[in-house]
Every structure is written in structure tokens, then in C-alpha cells.
Amino acid sequence: MPTPLAVLYLFGGVVWLLMGGDLLIRGSISLSQRAGVPPLVVGLTVVAFGTSAPELVVSLRAALAGYPDLSIANVVGSNIANVLLVVGLPAIVYPMTCNQPGARRDAGIMVAMSVLFVGLCIIGALERWAGLVLLAAFGLFLLYAFRASMVEQSWGDESEEWERGLGLPRTSAMITMFLVLGTLALPVGADLLVRGAVSLAVALGVSSSVVGLTIVALGTSLPELATTLIAAFKREAALAVGNVIGSNVVNLLAIMGITAAVSPVPIPIPAGFLTVNLPLMLAAAATLAWAVHRRGVVGRRMGVLLLASYVVYVVVLL
Amino acid sequence: MDLRTKLVLTLVAVSLGSMLALGTLAFTNAETLITHRTSVRLSSLTEAKAERVELVVRGWNEAVALLASRTQLRRSLAAWNQAGSEGDRQQIRRILEDAQSSSKLVEGVGVFDLEGDLVASAGAVDPGWNTQIDLATAAGEVRFLSFTDEDPLRASYSAALRADTLPVGTLGVLLSAQDLSDVAANRTGLGETGEVLIATRSASGDTRLLTPRRHEAPDTDSLETRDGRMWDTLAEAEGSVTEELIDYRGAAVWAASRRISSAELTILVKFDDAEQRADTDELRGRLLGVGFSLAAFAILLGVGLAFMFAKPIHALAVVAGRIRDGDLGARADADRQDELGLLADTFNSMTTELERRMSLLQEFKTFFDESRDMLCVAGTDGYFKLVNPAFEKNLGWTEADLLGRPFVDFVHPDDVEATIAETEKLAGGIPTISFTNRYRCRDGTYMRLRWSSHPDPETGNLYASARVLENPHR
């Protein structure tokens, strides 16, 4: 496949994934609302899974299509990009506070889960049992998150305005359409992204894991970057760090867990992961956790440091 | 559904639909083209192979003819026929050995006398010669007999031997068929799966494959297809068949054949259908991929357009909300030159008009509230609809008291009849200039009032004002 076509596939893949994820999230929120599920539970499950759905389908698609190294590269690359880029870049625009309740605890969990993941990778290729271990850890994390924030909440009176702002579907037919179209769009996007990534790797003469670590990871992290950056320009980036932490934990436990449990072959640990990428992921997580614990804020200087590390990392990889 | 989703879904549907139509057209044309190209390639390959095989067969014929034309051999055989001396037989054998060793093609040769008995031979001998050597063979005619059953494959020929136009015997020749196998083994231009098969009909009429197959197959002896069709179809009628052919592996194939009747050979060239389809499948995959990728632009365009439209609409909604909450001074931004600008402009003039009327209304309300005269609106049902504060001030009744009962309830019993008569006059459309009656105050005293009243013919409402003539409280 010629390079421009591969780039077009990557672009199309990212856009379809974003649209699919968006439709799925909006349909799911409406559905949960109708079922009377409290918003907190929706936030922890439906929205968390919905925002991670693109990464999940890309990782699954890659593993099933015979590129399991692309799956792990996507997750590890996403986690690195989440901290260095998604936190780093907006922090330069406006310092990000992260002193909301539970942030320290969540940052600690993120580091612990990163250590667990790296430990599994050191043992060897991620087999089915490793996937189940990660999923079990995810189950515990969910349980813990529920109990830690068990506050009675209900959909407020202003929910109708909120619904219109979000563009939530309001009839059963619309909800069904959103869910069906979202479910259809995600694999289309994943397929395009994986095909584009593999072709681009061939065209550039690099391994598919390098493309997974950089372009695919960046593509699937774009929405987080966009929302965080907009929030930073509006100077209201309070929730960004929490979202990044949640996204990283879901990536490692749920996405890698499901992919390893479903993949027909064990997920191999590509060359250079144990020496470069996984240590960097761990270091990035630890740095963010340190910032949250010590300072409660990610300032401009820290943002520059994070972003510079990301640029150096990508340049070295390519 | 929100504007953004509507726009995105519509644009995606339109773009995918049009690309699907274009893609289907392109794909159908490309598929036809690829099919045609493959057919042509198949035919020309088969033709080339047939020409090669014909050359081989011609070479065999020439080799046999050359042998049969040896004068020394024919003379020695004639001599043997006459005298039967051992010397002649030795001479014949020497000639045959010399002929066999000097040609790579000739693997065996034998000479038969007029009775069909073997006189001498060199190299390999075909047992079939005994039954197949035809004594009536015309002068100099070379005849193909059959292919041998054993390995290596050989072609068996016969030729008549004559001396001075009289038949003296027959020559049997076994030729190496290696050239035939070489033609089949050369797979240039046949791709990953294509193969050349050369076969002949055995004595029993069965098809016998002469050259090795390219692919492993469980049933290596039979060339018949699963439904027995491929070979027959092609062997009976020369040409190309590109549909519904299944080969010995059970794989769908495209095939073409030619016959070389001089050696009873059939040449079959075939490709796997899957290999041909790989091209069209890749094309289809790529068309779909490009189509969906390009539809991404429609998604982005939809989102962009929706934000572009939604932003001013949202701003307008915010302004409308402020006006609803009482801020009549709020105005929408009407700088745009499009329909949304027109909407904002109309919205603003509507608000200006509303503000003007509201201030007018406010003035009338002040006038109504502050008037010392008693002002009211009454319905034809006999109830007050609206009374000004002067009523409560003078009569002592609250507004709710006054609106809750028919107004004649408050009229002095002696004035009720006249009041009803006056009200009926009003209902008939005649205004009251001056009418006097007594109204009961809350403390039971009566107040004399002079009314002037005007009926509204459309609603039937009475607009009335009353002035106090006698105030019992003063």
C-alpha cells in the first residue's frame, strides 16, 4: 500500500473510532438514565468503557489480525502519551491542579498497576492467564472505586439542558440507532487504523510496534488531548489529571486484560519494551504520582519537562 | 437528535452512498477487465505450450523418419529377408546400435521382418511393438503408436522400411519423452498456482496423465475432477473455461486446452480461481478502505458545520433565556450576513417591539393602579374580570372578594333591577354615559357610584369607570 493511502487509512480510522466511541457513549448514557442507574456508576462504567472502546477494538482487532505486538504497543504508547503529552501540553498552557479528593489514592493505584503489568511482561509473553490476572485486578479496582465514592447521587433537574448540550438521544429508536451505529463504526475504524498502521510501518521500514507506540497511540489519545487542551485554555483543567489516571488504569487492566484473554496467540513483548518503553511508562506514571502527592499541581516547568521527554522519545523511536 | 449527529449521519450516509455507487461501478468494470485479461493470458499461454509440444512431436517424427531412411539398414533387411544369414542380422544390429547411441532422443530401436518377427534391436524394447507394428504401413510413413507405461516416459513409433519401393519390414522406435515433461515443468507465467498438464488417452479410453502435477493431491492417479467434468469438457472441446471448474484438489480453477492429434496429446493449462480473485479481492478491500477513509472527511465536515451552526443558535438561546428572565435589554449578535443573521436581526427587532410594548403596558398599569376612580373590566357573565386598587380602597373588599362573586351581589337591593337593565343595554352594544347605583361596602354601608361604561363588541367585555358620589365614610 502506498504511504499516502496508509496515512489516509490512519486518519479515517481515528475519525471513525472517535465517532463510534461518541455515539456509543451517548447511547449508553441515555440507556443508563432510562434504567435509573446513578450517574456515578455510569461515569465509572459506561463512560469509562465508552472512552476506552476505541483502544479496545483497535487492540482486539490487531491481535486477531495477527499483529499482537501492535496491541501492546498501542496500550503502552497510549499510557506514555497520556502522561507526557495529554498532561504535559495543557500544563504549559495553564498549570493543572490535581488536588481533588481521591487523586492521590488513584495515582498510587496507577503506579501499582503499572508495576503489576511490567511484572507480567518480565515473566514473558502475555498468555491467557495473564489476561485473566489483569481482568481480576480490574474487577477489584472497580469494586474499590465504587466503595470509595459511594455517594448518593441522582440525575439533577437540570438534566434536560445537560442532555441537549450533550446531544443525548431521547427516544428508544434513537438510543438503539446510536448504539448500533456506534458498535458498527468502531470495528470499521479499528480495521482502517490497523491496516494503515501496518502498511505505514512497512513503508517507513520500522516495526509495527513502533507505529503502535507513536501514531496509533496518539490517534486513540487525541480526544483526551483535545478536551484537556480546551479545558486548559478555558483555565478549568481540574479533572484532566484524574481522567488520565483512570484511562491509564483501564488501558492496562481492562484493554490488555481482555486482549490477552481473547487473543489466539500469547501477546509477545516486542524488542526494546523491557529496556525502553515499559520503564518509560513506569517512570511517567511515577512522575505524575509524585507531582500529585507532593505538589497537588502540575506546573508549567513540569509540563515543559513532560512534553520535551515525549518529543525526545518519539524522535528516538523513529 | 442533536444537530451535530444529524449532520454527521446525513453527510456520512450521502458520502458512503455515492462512494458505494462509484465503487461498485469501478469494481464491476475492473473485475470484467481482470477476467478478460486472465482469459487472454490463459489462451496465449496454452497456445504457446501447444506450439512447444508440436515442435517436440515434429522432432520425434523427424528422428524416426531419419532412422527409417538409412539405406544400409533397408538393404541389409532385404538381404536378411532373402537369405536369412546371421551376418545380415549382425549387420542390422550394428546399424541399430550405432543409430541408438548416436541420438540422445532414441532410447530403443527394433527391426521386424515381413512376418512381424523381431530381427534385431538395440537399447530398450517396447513389448507393445509385437501387437502394434503394422505391416501395411505405407512407404516412408511414420506412425505414432503410444506412450509406454513404465518410467521414464517414452513415445513409441513405427515406420515402414522399403527397398526399391518394395516393403522389407518395419522399424520400431522408442523415443525419450523428456522434452514433453520439460514443456510441462516450465511454469513461467503461471503464477503461484498455475500448472500445465499433458495427457493422452490410454488404449482403454481412459485419460492418462503424462507429466507430473504441481500440487499434492490425495488421489494422485486420477485427473478427473470431482464431478468428472474438467478434463472431459476441455478434451472434447478445445478452448477456455473460466467458470465452475473444479480440479483434482477440489479447487476452483480457470483452464484452457489444446489437442495435438498427431501424438494423441491434450495440453491443459490452468490457474486457481483464488489466485485470480486475489487481485479483485484486494481491489474491493482497497475501494472499501478508501471509501470509509474518505467518509471520515464527511464526519469532520458534519461536526464542523454543526458547531458552526450550533454556536450562533446557542448564543441566541442564551439571549432568549435572559429575556425570559426579564432582561429586556439583551440583544443577539446580528453581525452575520446569513439566515442566522436574519434570524438574530428579527429576534432583536421583536425584542425591541416587546420592550416598547412592555413599557407602554407599564405606563397603562401605573395609570390603572394609581387612578382615584374605580376602573374595572367585567364579563357578560356578570363577574368582574379585573378591578383596580381604588375598588379595595373605597369599598373595602379585596380583589379576590370582588372577582369571586357576581357584581350584582354588591349592589343595593333597590338598585339591582336598574343595574341588570343597564347591563343588558350594554350587552346590546349601547354605552353607558352616566348611571348611578349604590354599592355595598365591606362594613355594610352603601356607597353611591356614578358609572360610565363601554362594551367591546368583539369580546363582550365591559370597560367601566366609577366615581364616588356619596361616600358614607366621610
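Structural remarks
- Lone unmet requirement of (1) open to solvent by 40 Å² or more (accessible area, probe 1.4 Å); (2) closer than 24 Å to B:Phe297 by Cβ; (3) modelled with pLDDT of 85 or more for A:Leu64: (2)
- Of all residues in segment B:18-66, those satisfying the criterion of being open to solvent by 80 Å² or more (accessible area, probe 1.4 Å), free of Cβ contacts under 8 Å to residues at least 24 places away in the same chain and farther than 24 Å from B:Leu175 by Cα are B:Leu22, B:Leu25, B:Asn29, B:Thr32, B:Leu33, B:His36, B:Arg37.
- Qualifying residue in segment B:30-41 (condition: over 24 Å from the mean Cα position of the chain (by Cα) and of a type in the set (A, V, I, L, M, F, W, C)): yes
- Here the condition is being part of a helix (DSSP H, G or I) and either surrounded by fewer than 16 Cβ atoms within 10 Å (Cβ to Cβ) or at pLDDT below 85 (or both); of A:Thr259, A:Thr275, it holds for A:Thr275 alone.
- Checking B:Leu316 against (1) more than 11 Å from chain A (Cβ to nearest Cβ); (2) over 30 Å from B:Ile198 (Cα atoms); (3) open to solvent by 40 Å² or more (accessible area, probe 1.4 Å), the condition it does not meet: (3)
- Subset of segment B:194-218 [open to solvent by less than 40 Å² (accessible area, probe 1.4 Å), at pLDDT below 85 and out of contact with any Lys or Arg (no Cβ under 7 Å at 6 or more places or on another chain)]: B:Gly205, B:Leu210, B:Thr211
- Considering (1) within 16 Å of A:Gly50 (Cα to Cα); (2) away from chain B (no Cβ under 14 Å); (3) open to solvent by less than 20 Å² (accessible area, probe 1.4 Å), the lone condition that A:Gly246 does not fulfil carries the number (3).
- Given (1) in contact with a Leu (Cβ under 8 Å, 6 or more places away or on another chain); (2) open to solvent by 40 Å² or more (accessible area, probe 1.4 Å); (3) among the aromatic types (Phe, Trp, Tyr), index of the condition B:Tyr446 fails: (1)
- Selection within segment B:1-17 - more than 11 Å from chain A (Cβ to nearest Cβ) and surrounded by fewer than 20 Cβ atoms within 10 Å (Cβ to Cβ): B:Thr10, B:Val14, B:Gly17
- Members of segment A:262-272 found to be outside any helix (DSSP H, G or I), among the hydrophobic types (A, V, I, L, M, F, W, C) and within 26 Å of A:Leu142 (Cα to Cα), listed by number: A:Ile267
- Filter result for B:Gly169 (of a type outside the set (Lys, Arg), open to solvent by less than 50 Å² (accessible area, probe 1.4 Å) and at pLDDT below 90): yes
- The lone criterion from (1) within 30 Å of B:Leu3 (Cβ to Cβ); (2) out of contact with any Asp or Glu (no Cβ under 9 Å at 6 or more places or on another chain); (3) surrounded by 12 or more Cβ atoms within 10 Å (Cβ to Cβ); (4) not aromatic (Phe, Trp, Tyr) left unmet by B:Ile420 is number (1).
- The single condition among (1) surrounded by fewer than 22 Cβ atoms within 10 Å (Cβ to Cβ); (2) modelled with pLDDT under 85; (3) not polar (S, T, N, Q) that A:Ala283 does not satisfy is (2).
- Yes/no for B:Pro431 being open to solvent by 30 Å² or more (accessible area, probe 1.4 Å) and of a type outside the set (A, V, I, L, M): yes
- Positions within segment B:263-286 being away from every other protein chain (no Cβ under 12 Å) and without any contact (Cβ under 8 Å) to a residue 60 or more places away in the chain, in sequence order: B:Asp273, B:Arg277, B:Ala278, B:Asp281
- Criterion (open to solvent by less than 10 Å² (accessible area, probe 1.4 Å), over 18 Å from B:Val142 (Cα atoms) and in contact (Cβ under 8 Å) with a residue 40 or more places away in the chain) met by exactly one of B:Val119, B:Val111: B:Val119
- Residue match in segment B:352-374 (condition: touching a Leu at 6+ places or on another chain (Cβ under 8 Å), assigned to a helix (DSSP H, G or I) and closer than 18 Å to B:Trp451 by Cα): yes
- Selection of first residues in segment B:287-306 that are facing chain A (nearest Cβ under 7 Å) and open to solvent by 40 Å² or more (accessible area, probe 1.4 Å) and of second residues that are of a type in the set (Val, Ile, Thr) and part of a helix (DSSP H, G or I), restricted to Cβ pairs under 8 Å at least 6 apart or on distinct chains, gives the following pairs, ordered by first then second residue: B:Phe292/A:Val188; B:Leu300/A:Val15.
- Flag if A:Ala308 is modelled with pLDDT under 85 and among the small types (Gly, Ala, Ser): no
- Within segment A:29-57, restricting attention to residues that are open to solvent by less than 40 Å² (accessible area, probe 1.4 Å), more than 19 Å from A:Glu224 (Cα to Cα) and not hydrophobic (A, V, I, L, M, F, W, C), the residue that is modelled with the lowest pLDDT is A:Pro39.
- Checked against the criterion of being out of contact with any strand residue (DSSP E or B) (no Cβ under 9 Å at 6 or more places or on another chain) and of a type in the set (Gly, Ala, Ser), the candidates A:Ala232, A:Ala254 yield just one match: A:Ala254.
- Scanning segment A:289-305 for any residue that is within 19 Å of the chain's Cα centre (by Cα) and either more than 22 Å from A:Gly119 (Cβ to Cβ) or not small (Gly, Ala, Ser) (or both) turns up nothing.
- Residue, most open to solvent (accessible area, probe 1.4 Å), within segment B:138-161, restricted to residues that are of a type in the set (D, E, K, R) and under 22 Å from B:Glu97 (Cβ atoms): B:Glu150
- Members of segment A:123-138 that are part of a helix (DSSP H, G or I) and surrounded by 15 or more Cβ atoms within 10 Å (Cβ to Cβ): A:Ala130, A:Gly131, A:Val133, A:Leu134, A:Leu135, A:Ala137, A:Phe138
The values are calculated or read from the model by the stated rules, or taken from the named source; none is laboratory data. All figures in this text were calculated on a predicted structure; none of them were measured in a lab. Please note: Cβ atoms are built from the backbone with ideal geometry, for glycine as well, and neighbour counts cover all protein chains shown. Just so you know, the surface numbers come from the protein's heavy atoms only, side chains and all, with ligands and any DNA or RNA stripped out. Shrake-Rupley method; radii C 1.70, N 1.55, O 1.52, S 1.80 Å.
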